[in-house]
Amino acid sequence: MTAFDTAWALLKMPFVNADGQLQSEVLYQGRRTGDKDSNYWTPHKSKAMAYSMFGPRYDYEGSPFVDANKHYPELHMATAPKDEYIEVDPDDEYMGGYGEDGAVSNGRVAFKDPVIGRYSEKLPDDHVAQIIENIINSDLYSDDGDYEEQIYMDDEAEPWEYNNEWDRIFNAKGKGRANWDTLYPKDDDSHIRDALEEAYGSEEPLWDLVTTNQALTGGNLNDFVRRLRERGQ
């Protein structure tokens, strides 16, 4: 048994996809202060973070509506209880026709279930501010108006190196790419395990270049950082 397997063996009773093989210990939801729980949750912390700052992906090139001088991005984290399995419904619309394997490979795993919110808490403003500051200071961020679809972190890096750097940026140590975003198959011999090993063992994490200042109606990412730290909730 590997160190990774041993670590996962210590995890008990995760959120379980009621219709398939995927399970996860931790799920995230991004939103702005004042928004209600949408019931949509994902194990991909970076996706939840992008949503909190810019809204839905399909709005990036459409009509931005988030103002960094007005809105506060929030990140909520749901942690599965240790004493019972929580069956949750997949977000079939977001996962599309990929199936579980394809959703893993494309970083599009998500669930939609009101029960998840019962196990959630809002992460501190400083936690979110630090992630945004890390993004600003990383190669992920571009404010030059380049609307390429996506950016790779480092073409020269080994998978474990950019996974660790990704987790540093998103403050996800132990719950990020280095640990498969806490995703794991129900059955150890599941084909999902192969998909996870391929996706997280060879694929570089991606960040949309369209998540720039031009995706905001006012202010910039530094304004998010400043205002979050001033509020300090």
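The values are calculated or read from the model by the stated rules, or taken from the named source; none is laboratory data. Here the structure is a predicted model, which means the values were calculated and not measured. All Cβ positions, even for glycine, are placed from backbone atoms using ideal geometry, and neighbour counts span all protein chains on display.
When residues in the stretch 17-55 are screened for being farther than 18 Å from Ile86 by Cα and under 13 Å from the mean Cα position of the chain (by Cα), 12 of them pass. Among the residues of the stretch 99-138, those that are in a loop (DSSP other than H, G, I, E, B) and either in contact with a strand residue (DSSP E or B) (Cβ under 7 Å, 6 or more places away or on another chain) or closer than 24 Å to Val16 by Cβ (or both) comprise Asn106, Gly107, Arg108, Val109, Ala110, Asp113, Leu123.
Mind telling me which of the residues Asp189, Asp194 ends up being of a type in the set (Asp, Glu), assigned to a helix (DSSP H, G or I) and either within 18 Å of the chain's Cα centre (by Cα) or modelled with pLDDT under 90 (or both)? Write out each step before concluding.
Details: Asp189 fails: assigned to a helix (DSSP H, G or I).
The match here is Asp194.
On the stretch given as the stretch 129-183, residues that are among the aromatic types (Phe, Trp, Tyr) and modelled with pLDDT under 90 total 5.
Scanning the stretch 70-89 for residues that are more than 23 Å from Phe170 (Cβ to Cβ) and either in a strand (DSSP E or B) or in contact with an Asp or Glu (Cβ under 9 Å, 6 or more places away or on another chain) (or both) returns Ile86, Glu87, Asp89.
Would you be able to say whether some residue in the stretch 106-124 is under 22 Å from Glu230 (Cα atoms), touching a residue at least 24 places away in the same chain (Cβ under 8 Å) and either of a type in the set (Phe, Trp, Tyr) or surrounded by 15 or more Cβ atoms within 10 Å (Cβ to Cβ) (or both)? Yes, there is a match, as at least one residue in the stretch 106-124 is under 22 Å from Glu230 (Cα atoms), touching a residue at least 24 places away in the same chain (Cβ under 8 Å) and either of a type in the set (Phe, Trp, Tyr) or surrounded by 15 or more Cβ atoms within 10 Å (Cβ to Cβ) (or both). Just one of (1) hydrophobic (A, V, I, L, M, F, W, C); (2) surrounded by 20 or more Cβ atoms within 10 Å (Cβ to Cβ); (3) out of contact with any Leu (no Cβ under 7 Å at 6 or more places or on another chain) fails for Phe65. It is (2).
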